[in-house]
2 protein chains.
Amino acid sequence: MASSSGVIAPILRRTRCSSSLYKRASRSFQPAVQIRWTANTSATTEPRQPDSAGGVKGLKSSAKTIKYTTDSYPEIKRDSSFGGLKDEHVKYFKELLGAESAVIDGLSQDATEDLEPFNSDWMRKYRGHAKVVLKPKSTEQVSKILKYCNDNRLAVVPQGGNTGLVGGSVPVFDEIVINLQRMNNIRSFDEVSGVLVADAGVILEVADNFLAEKNHIFPLDLGAKGSCQIGGNVATNAGGLRLLRYGSLHGNVLGIEAVLPDGTVMNDLSKLRKNNTGYDLKQLFIGGEGTIGIITGISIFCPQRSQAQNVAYFGLESFEKVQQAFVEAKNQLSEILSAFELMDGRSQRLLSIVKESKLPIEGEHPFYCLIETSGSNTDHDGEKLEKFLEYVMEQEIVSDGVLAQDKTQINELWACREGVPETLSHWGGVYKYDLSIPIKELYTLVDDTREKLTKAGLVGDDDSYPVVDVVGYGHMGDSNLHLNIPTRRFDKAVEKELEPFVYEWVAKRNGSISAEHGLGIAKKDFIGYSRTETMIKLMKQIKDLYDPNGIMNPYKYI
Amino acid sequence: MASSSGVIAPILRRTRCSSSLYKRASRSFQPAVQIRWTANTSATTEPRQPDSAGGVKGLKSSAKTIKYTTDSYPEIKRDSSFGGLKDEHVKYFKELLGAESAVIDGLSQDATEDLEPFNSDWMRKYRGHAKVVLKPKSTEQVSKILKYCNDNRLAVVPQGGNTGLVGGSVPVFDEIVINLQRMNNIRSFDEVSGVLVADAGVILEVADNFLAEKNHIFPLDLGAKGSCQIGGNVATNAGGLRLLRYGSLHGNVLGIEAVLPDGTVMNDLSKLRKNNTGYDLKQLFIGGEGTIGIITGISIFCPQRSQAQNVAYFGLESFEKVQQAFVEAKNQLSEILSAFELMDGRSQRLLSIVKESKLPIEGEHPFYCLIETSGSNTDHDGEKLEKFLEYVMEQEIVSDGVLAQDKTQINELWACREGVPETLSHWGGVYKYDLSIPIKELYTLVDDTREKLTKAGLVGDDDSYPVVDVVGYGHMGDSNLHLNIPTRRFDKAVEKELEPFVYEWVAKRNGSISAEHGLGIAKKDFIGYSRTETMIKLMKQIKDLYDPNGIMNPYKYI
């Protein structure tokens, strides 16, 4: 992951835009915003940093080697019903997959180095002991692999781009990694209906670029798009930035081709938006995190790409006003609203400190929001957005704000939101919670957590305190809060204050302890805070039904 | 159902708008369209006619009594594992539900009259032999009823507004009807997040009117909205008119409260848009047609209501041009496009004959389309729509068209689309198929079917031919075709030509034999045309898992 050690260029130019200018010049609030931040160069060899990191266990290690998950979680024991990997197994896989590089064999030869990227996650938090990585090229090969593994009780881990945040895509013990990277063909695209059919291993950005040429858009976007694969996106029900506008994958995915543990190919690769012929089984695989089968292909409805994009960034004095602004944005911007992001003042202050740069607007505000509109007519959208901004300024819902004038400025404003996760890791480690909370109380958790840690004497400005600050940001439009606690060092006392406090707080409000990141290993033990015993029992029935031998992605999920 | 016998007022006023006027007056194509049709008065006592009737079995009976399903389908035998209804059962239900009216008892007293509306469907095609109808008022009561029925092997039929088109909501033999009409409370609505939580028995129109007051919209609309219930809508995964814009219920339903056959209450009534904590089990109940449990409550994401609405109606010379117009509408109208409906020339010709009125545009065109836009700014939307119309006229994609000037005209244009199903029943009966077909071949089926029936000598203008015509219309935006064959009388030869021809045709193109109406009894035997044996086997596993005694809505679905 991008650490804090990279060189960050300061703000190059910046035009000041005062609150009064906005308030009074009712028809002229288009100040130029020109900030430019270079990317942290150390990040380039790694997957692009996802929108926000997740998981709560421990802190990032700066050591060269990553701690084994079996050391971090000594309570997890290897399931003794699983067979041990033998030379004959590897021989079978080599014969099946043909090409040498399709099998990384750490059993019969020393391939530790080669295996490492598949054994550990990009956050350097989880590391498995897999000895074999398989890279099938077809659904048929996946079917044969799974049938063989099931017959021989060999546990497996399906792996896409391995950009997950909860340790779901790497092995714990010696599970066989089945990596989908070679299944990367776009199978078809219908320009009339907008339906794309593609292999699971297609990289999200590749799919989106392909669609861009055809004036369409993949209805999902997230920070890791340059590395993550669409099969993994579906398997983890990724949320991301476009959910507010285009809805969730449960609505957009029209079909799935998946292989069940016994080798059965479930061909449900419908290209139809309407198909009421029986239970919608594919939905179980969306967010199933590879525990009941491996997704090998998807068909997905892709909307028309918007021609026009506008972005505004503004400061507000209370969370009450943030809610008012959100309601007003939904009301006035309605069909063109494509993002409504929240950043608290503390997150923006830390961003400013770490980046050694000024924020796009003057003064300090307790809350900042970023609004994006996407539509088919630049003039119309600009007019709507200006009218909205005028209104919220006049009503004193918003204190100050700026509107991007071109693509560069759009990126610069987005950097104020997207730069937050990286910024927070500047001091060492971050406790990160990805939560859904009923919108009215969304931010209360941040205040309550800060108060609790402060009372415990753990928060302060100098090095004697482990905690730097307690901040909140996220997808306001989806009631999705990222609670982050940047820390200077690992301190058991901090963890003790945080857990189970945060989970209990969320459970009391019927929130979700994992809004978009999934369960994986990180949250497996906490599902009870978001789901009733009845629900968990019903889920276990599904797992047992599809994967009676439990070979699929064991030690994780539920 | 609305028969053809009602008095229909002729067109009152109409302003002619020629093709040439459109083509040349590039900035002035807003001719007034003023048609007024009164509703068929015989329809008022029945549920509002759904968007299109479905089912293929037989023709509508004009007799006073409806044929028992057991007579129409003599091959269906009563499951002997089900217990017979006894006085002690009725006693239990009466004690549980309290109020006398909660139990209509045809066993110990003569209440046959009262049972009729619950035993038969509004199309008068299906009729069961139920002796008991239960109307629980709470989830707890539903739970107790189901547990009791499961323990005593009493089969049940969940029933909402009973507006279905495939016989799914009425009993076949003596199944107990569990009608949700008394569970009709709106539980909560959050104006910031737009999340509505309501009992399953709330009528769709009531929910939508409630939301309208709060400037929101129910993300589903269909002809039966005045009678159908939201629980039934979810159980059948209703599609309808707003899917193009707002997506399917799989994306919009955020939570479900359902009772399983053993009385377990599955409380998955989340109000969160993002919640990645385990398998999304509620999805199995969306479109599950009441075969694994009874939905008692739902939470659903409701978008902001659009302030502006515009409707255009136009004629085109080929299906190729219809597709071009659709692509262009998606491209230019993008985020404001809320409907793109297709009607073939024959359907509009029959409409014109039956309604004794002229169509909104002159001449005869092989195809007609209706476009609706919904947005937040009337001027902007009007400008976009005008620009679009100019373009498609200039490019000769569209031959002629009109644009509604006010709400009355909007309704009048919509009547050209919504009046079609009623029109087609004018001659006696209609064979109706609700299909999803890849968009490029969507209309080919209508031509192929017409050719086949014509070759067989069954289609003609006078009474010696059973078939009046073969027409197609539907939701172009969703690739959803309604293939309709209006007939003068029942003729075995027609059915023989149609089946399995239609199903095989659709299966060959990987279409769906039930796009939005579901399976019920009508299509139970035909699922194999849209689903593989593997998929059906997997579905049966789910049924057996949740309902091992098979008491839920038997003899239907899969």
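Quick rundown of the values:
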{"read-out": "Residue check for B:K508: under 24 Å from B:S248 (Cβ atoms), more than 8 Å from chain A (Cβ to nearest Cβ) and at pLDDT 95 or above", "value": "no"}
{"read-out": "Residue in region B:535-548 that is over 25 Å from B:N480 (Cβ atoms), part of a loop (DSSP other than H, G, I, E, B) and in contact with a Pro (Cβ under 7 Å, 6 or more places away or on another chain) present", "value": "yes"}
{"read-out": "Hits in region B:334-384 - residues which are of a type in the set (A, V, I, L, M, F, W, C) and closer than 30 Å to A:Q332 by Cα", "value": "B:I336, B:L337, B:A339, B:F340, B:C369, B:L370, B:I371"}
{"read-out": "Which numbered condition B:G263 fails, given (1) surrounded by fewer than 23 Cβ atoms within 10 Å (Cβ to Cβ); (2) at the interface with another protein chain (Cβ under 8 Å from one of its Cβ atoms)", "value": "(2)"}
{"read-out": "Sole exception among (1) surrounded by fewer than 22 Cβ atoms within 10 Å (Cβ to Cβ); (2) touching a Leu at 6+ places or on another chain (Cβ under 6 Å) for B:N510, by number", "value": "(2)"}
{"read-out": "Qualifying residue in region A:162-184 (condition: surrounded by fewer than 24 Cβ atoms within 10 Å (Cβ to Cβ), at negative phi and among the basic types (K, R))", "value": "yes"}
{"read-out": "Candidates A:G239, A:G223, A:G201, filtered to the one that is part of a loop (DSSP other than H, G, I, E, B) and within 13 Å of another protein chain (Cβ to nearest Cβ)", "value": "A:G239"}
{"read-out": "Selection from region A:143-161 of residues that are surrounded by 24 or more Cβ atoms within 10 Å (Cβ to Cβ) and more than 27 Å from A:S514 (Cβ to Cβ)", "value": "A:C149"}
{"read-out": "Region B:274-329, residues that are surrounded by fewer than 24 Cβ atoms within 10 Å (Cβ to Cβ), away from chain A (no Cβ under 12 Å) and of a type in the set (S, T, Y)", "value": "B:S318"}
{"read-out": "Among (1) farther than 30 Å from B:H216 by Cβ; (2) surrounded by 24 or more Cβ atoms within 10 Å (Cβ to Cβ) - the single one B:D434 does not satisfy", "value": "(1)"}
{"read-out": "Among residues of region A:368-398, those that are surrounded by fewer than 22 Cβ atoms within 10 Å (Cβ to Cβ) and either assigned by TED's automatic domain parsing to the domain that holds A:D221 or over 23 Å from B:N377 (Cα atoms) (or both), counted", "value": "1"}
{"read-out": "Hey, A:L519 surrounded by fewer than 22 Cβ atoms within 10 Å (Cβ to Cβ) and either among the aliphatic types (A, V, I, L, M) or in contact (Cβ under 8 Å) with a residue 40 or more places away in the chain (or both) or not", "value": "no"}
{"read-out": "Residue list for region B:496-507, filter: crowded, with 17+ Cβ neighbours inside 10 Å, touching a residue at least 24 places away in the same chain (Cβ under 8 Å) and either under 23 Å from the mean Cα position of the chain (by Cα) or within 23 Å of B:N480 (Cβ to Cβ) (or both)", "value": "B:L498, B:V502, B:Y503, B:W505, B:V506"}
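For every residue, the table says whether it meets (1) within 14 Å of chain B (Cβ to nearest Cβ); (2) over 27 Å from A:E75 (Cα atoms); (3) touching a helix residue (DSSP H, G or I) at 6+ places or on another chain (Cβ under 8 Å).
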| residue | (1), (2), (3) |
| --- | --- |
| A:M476 | yes, yes, yes |
| A:L481 | yes, yes, yes |
| A:I485 | no, no, yes |
| A:K492 | no, no, no |
| A:E504 | no, no, yes |
| A:I513 | yes, no, yes |
| A:L519 | yes, no, yes |
| A:K523 | yes, no, no |
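Let's see how each residue does on (1) more than 18 Å from the chain's Cα centre (by Cα); (2) of a type outside the set (V, I, T); (3) at pLDDT 95 or above; (4) more than 30 Å from A:A325 (Cα to Cα):
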{"position": "B:N179", "(1), (2), (3), (4)": "yes, yes, yes, yes"}
{"position": "B:R187", "(1), (2), (3), (4)": "yes, yes, yes, no"}
{"position": "B:A198", "(1), (2), (3), (4)": "yes, yes, yes, no"}
{"position": "B:L220", "(1), (2), (3), (4)": "no, yes, yes, no"}
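The values are calculated or read from the model by the stated rules, or taken from the named source; none is laboratory data. All figures in this text were calculated on a predicted structure; none of them were measured in a lab. Cβ sites come from the backbone with ideal geometry, for glycine too, and all protein chains shown count toward neighbours.
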